[in-house]
Each structure stands twice: as structure tokens, then as C-alpha cells.
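Written below as C-alpha cells is the structure these notes are about.
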Amino acid sequence: MKTPVDIAITGAAGQISYSLLFRLAAGEFLGESQPINLHLLEIPPAMSALEGVVMELNDCAYPLLNRIITTTDPKVAFDNVDYAFLVGARPRGAGMERKDLLQCNAEIFMVQGKALNDVANRNVKVLVTGNPANTNALIAINNAPDLNPKNFTAMTMLDHNRTINQLAEKSGVKATDIKNVIIWGNHSNTQYPDIHHAKIKGQDALSLVENNWFINEMIPTIQQRGAAIIKARGQSSAASAATAAIKQMRLWALGTPASDWVSMALVSDGSYDIEKGLVYSFPVTVNDGEINIVQGLEINKLSLEKMKLTEKELREEKEDVKHLFS
Ligand code: NAX
């Protein structure tokens, strides 16, 4: 039996975690021969709900689930962890401005960044899902000076998967026939889902679907998909978000297939003239746990405008929170 890996999940009593935890315990992340310890972080009012979730996890009698720790202390949750899924965040309340939301979440991610810095495994992989995900990741990175900024990504895999699905539905093919879609920028409604480099069964996507559909239907559909799900379901996307979180972390840990890239938000190194240091979504490949931004893609005028628009929003978010950087 392999040594268990330690995985922290914040917001463990929330609805994304209600899907995520069971799938991690079933082996969907690192496979069916890798035992895991789960470190579950919540805030005090949610601890009772979390105990219920733990009872259910135990009732599944998962062979891979070695140990469960529940806590309200980030330093206990992140102690020596190999992977951290930062899902927990404060939702937007009535009358709350976007700036207020940014602020209260910024404080959560400042505390968690410091705790990761102090106690996590030095090779920890941290995936930020809680919104505003890119800027929350930026705050955590800037409060974890002893960890490599490359240890952090924010989740744009759900947007990536949504783009694959839209293109597959439109062209009547399977999701696996679609390659090389891109999400640029922020996980917000300024994000730019780009299919200029995408292939459908090996052919250029834009030779098979109309440019007009791409610009006037597909892009807004992806940008507004979260809101459409809330309208239909009365709650925000949860199972699809958990699927995307597992996919992003799995590909980061185990590598991307040679035939495709995926989208992840990570610290910009200045590629594609995006401001260095912002947490921005790029097309990436992963080898041996190292994420590489796909270089040399041709960017036309439309793409450049959209990439700059979402970069501008991230710059503004950074301005609002940079007083919290250590
Ligand atoms: P829920 O409100 O169901 O759960 C959030 C949980 O986080 C709650 O149980 C709460 O008690 C806990 N929490 C709050 N502050 C905490 C703290 N300081 N430490 C630990 N736990 C804390 O939300 P859920 O639907 O699970 O969504 C979680 C986050 O994911 C939200 O911010 C949501 O906006 C975001 N999403 C991000 C997506 C992405 O693609 N990046 C897509 C899905 C989702 O909308």
C-alpha cells in the first residue's frame, strides 16, 4: 500500500465540496491505488454540517480514505499537505458591492496564504476555486513568500470544459473530438473563451462553425453560464465545478496529454504581453508537475482586445486588494 497523500479542502461543508470530497475519496484524483488523508477546513457555524458530511464519507467505507481531520484552524488544515483545494469563500450578500466581496474574501485568502506558507509541504499544489478566484490566488501568493508562486493556480477549467461542450454541441461531435480551446484571463464575465486555435476532429474549428456564432453566441454563453445555472437550478454550479477542480489538479499532478492543452490561471510571466504577476488564465501544458504556458500562438485584433479587457479587470481587482500583500 502506498503512503497516503494529504489533501486539504476549504469550505468542506459547502455544495461544491459535497461532490468533490466523495470523488476524491473514491480515487478519481490520483487513482485507485493512492490512499488519501482529507484535511477539512470550515468556519465554526458550518462545523455541525461538516460532521454530517464526515459521517456520510465514513458510511461509504472507501478503501482509499485513510484519515479525516476536521478543523476551523487553517494551520491545522494545511499542516504538511501535498494538495490544497481552496473552495471556501464568502458568497455575495444582499446589498454587497463587488468591491466589498473582494475585500472580505481577500482577508480569507490572506490568512490562508500565510498558513500555507508556514505549514504546507514546500511542493504543495494549491488550486483556488473560491471567487473571485484569480485575485484570491494572487492574495494567497503574496502572503506566502516562502512558497514558489508556481505552487498556485486558480480554476478556469470549468470555463474550459464549458467551451468544449458548446463547440461539441454546435458541431454535433463528442467532447473528445474537440482540442485546443482556450480561456484567457479572469474567471468572471470578462473572460475570453477563444476558439481561433481549436480543432474539431483535427480541422480548424472556425472553418466549421460560423464566426458570428462564435462571437455573438458562444462567447456570451460561456461568460454567462454560471448565472444561467443559478437561474435554472436556484443554486450555483457545484458538481461541474467539482469535476473541473479534480481535472485541473489531476492534470497538474500527472501531466497533460501530448495532443492537447488546457486552461489554467497562473502567475503571468509576461507571456502574450499580459502584466507580469497577475493571475491570468492561459493555455498550458504540464510536464513532471511543471506548468508551461503555450507560446507563439498568433493573436488577432479581436483576441487582443478581449485579452486586454479581461487583463484590465484583473489589474483593477489587484489595485483594490494590494494593501493586503505582505
Ligand atoms: P457554498 O456557499 O455552498 O460553500 C462555501 C463554504 O465555504 C461554506 O460551507 C462556508 O462555510 C465555507 N467558508 C466560508 N469562509 C470560509 C473560510 N474562511 N474558511 C473555510 N471555509 C469557509 O459555496 P460553493 O457553491 O461550494 O462555492 C464555493 C466557491 O466556489 C464560491 O466562491 C463560488 O463562487 C466559487 N465557484 C468558483 C468557480 C470557478 O470556476 N472558479 C465555479 C463554481 C463556483 O461558483
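Figures for the structure shown
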{"read-out": "Net charge of neighbours whose Cβ lies under 13 Å from the Cβ of G226, counting Lys and Arg as +1 and Asp and Glu as -1", "value": "+4"}
{"read-out": "Alpha-carbon centroids, the stretch 224-248 and the stretch 272-326: separation in whole Å", "value": "23"}
{"read-out": "Per-residue Cβ neighbour rank within 10 angstrom, fewest leading, E313, E275", "value": "E275, E313"}
{"read-out": "Viscosity 0.890 mPa s, 25 °C: Kirkwood-radius Stokes-Einstein D of the stretch 95-230 over Cα pairs, µm²/s", "value": "148"}
{"read-out": "Ranking of R225, R98 by count of other Cβ atoms within 10 Å, fewest first", "value": "R98, R225"}
{"read-out": "Most mobile listed residue (N37, N216, N189) in the chain, GNM with C-alpha springs under 10 Å", "value": "N216"}
{"read-out": "Gyration tensor verdict on the stretch 157-319 (Cα atoms; rounded if a/c is under 1.5, prolate if a/b is larger than b/c, oblate otherwise)", "value": "rounded"}
{"read-out": "Per-residue [θ]222 nm for the chain (sum of -39500 (n - 2.57) over DSSP H runs n ≥ 4, rounded to 500)", "value": "-12500 deg cm²/dmol"}
{"read-out": "Over the chain, relative contact order from alpha-carbon pairs under 8 Å, at least 6 apart, %", "value": "17"}
{"read-out": "Stretchable slack from N300 to L208, in nm (0.36 nm times residue separation minus alpha-carbon distance)", "value": "31.2 nm"}
{"read-out": "Surface/4 of the Cα convex hull for the stretch 70-143, nm²", "value": "4.8"}
{"read-out": "Hydrodynamic radius (Kirkwood) for the chain, which is based on Cα pairs only, to one decimal in Å", "value": "20.1"}
{"read-out": "Rounded to 5, the percent of DSSP beta bridges in the chain classed as antiparallel", "value": "45"}
{"read-out": "Relative contact order (%) - the stretch 110-158, alpha-carbon pairs under 8 angstrom, separation at least six", "value": "49"}
{"read-out": "Fully extended contour minus Cα-Cα distance, from N148 to R67, at 0.36 nm per residue", "value": "26.4 nm"}
{"read-out": "Local electrostatic count, G289, Cβ distance below 14 Å [Lys/Arg +1, Asp/Glu -1]", "value": "+1"}
{"read-out": "Largest-first principal axis extents of the Cα set of the stretch 5-154 (Å)", "value": "44, 36, 23"}
{"read-out": "Residue-span extension gain [D260 to I230] - 0.36 nm each, minus C-alpha spacing", "value": "7.7 nm"}
{"read-out": "Size of electric dipole in the stretch 63-221: Cβ of Lys, Arg +1 and of Asp, Glu -1, about Cα centre, debye, nearest 20", "value": "220"}
{"read-out": "For the chain, size of Cβ-based charge dipole, Lys and Arg +1, Asp and Glu -1, in debye", "value": "360"}
{"read-out": "Percentage relative contact order, the stretch 5-154, counting C-alpha pairs under 8 Å, at least six apart", "value": "24"}
{"read-out": "Residue order, fewest to most beta carbons within 10 Å, for Y18, Y83", "value": "Y18, Y83"}
{"read-out": "Estimated translational D of the stretch 138-193 in µm²/s (Stokes, Kirkwood radius over Cα pairs; 10 °C; 1.306 mPa s)", "value": "120"}
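Throughout, read-outs are computed from the coordinates displayed, never taken from laboratory work. This is a predicted model, so every value here is computed, not measured. Ideal geometry is used to build each Cβ from the backbone, glycine not excepted, and the neighbour counts take in all protein chains shown.
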